[in-house]
1. Using a 10 angstrom cutoff on alpha carbons, build the Gaussian network for the chain and name the most mobile of 64, 26, 47.
2. Could you work out how far helix 3-33 tilts from the main Cα principal axis of the chain, as a 0 to 90 degree angle to the nearest 10?
3. Measure nothing but the geometry: give the 0 to 90° angle between the long axis through the Cα atoms of 45-81 and the longest principal axis through the Cα atoms of the chain, rounded to 10°.
4. What do the square roots of 5 times the Cα gyration tensor eigenvalues come to for the stretch 1-44, in whole Å, largest first, as semi-axes of the equivalent ellipsoid?
5. May I ask for the Rg/Rh ratio of the chain, computed from Cα atoms with Rh as the Kirkwood radius, given to two decimals?
6. Would you mind calculating the relative contact order of the chain from Cα pairs under 8 angstrom and at least 6 residues apart, reporting the percent as a whole number?
7. Measure off 7 Å from each Cα along the Cα-to-Cβ vector at residue 53 and residue 34, then give the distance between these two points in nanometres to one decimal.
8. Let me have the 222 nm mean residue ellipticity of the chain computed from DSSP H runs of 4+ only, each contributing -39500 (n - 2.57), with the sum over all residues rounded to the nearest 500.
C-alpha cells in the first residue's frame, strides 16, 4: 500500500470521526440552550448535515495539504536529480 492510499484511509477515518462528534456537539448544544422539557425533540437532519459539512471540510483541508506536501517532495526530488550545468 503506497503512501497516498494509507493517507486516504487515515483522513477518511478522521473525517468520519469528526463528523460524528460535531453532529453530537451541535445537537447537544441545541438541546441544552433551546429545547425545553415537554416539547417534542427537534429534527436531527440539520445537525447531521452540519456534521457532514464539517467532516468534508476537514477532509478537503487535510487532503489538499497532503497534495501540496507531495508536490513539494516531487519538486525537490526533481531539482536534486537535475545535473548541475555550468557554462564556464
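Every number in this text was worked out from the coordinates using simple rules, so none of it is lab data. From a predicted model like this one, the values you see are computed outputs, not experimental measurements. Every residue, glycine as well, gets a Cβ built from its backbone with ideal geometry; the counts of neighbours run over all protein chains shown.
1. 64
2. Helix 3-33 sits roughly 30 degrees off the main axis of the chain.
3. Computed tilt is about 10 degrees.
4. Numbers: eigenvalues 269, 12, 4 Å².
Here the semi-axes work out to 37, 8, 4 Å.
5. When Rh is taken as the Kirkwood radius, the ratio is 1.36.
6. Numbers: 39 pairs, mean separation 33.5, N = 88.
About 38 percent, as a whole number.
7. The modelled label-to-label distance comes out at 1.3 nm.
8. Numbers: 2 runs with 68 residues, N = 88.
Dividing the helical sum by the residues of the chain leaves -28000 deg cm²/dmol.
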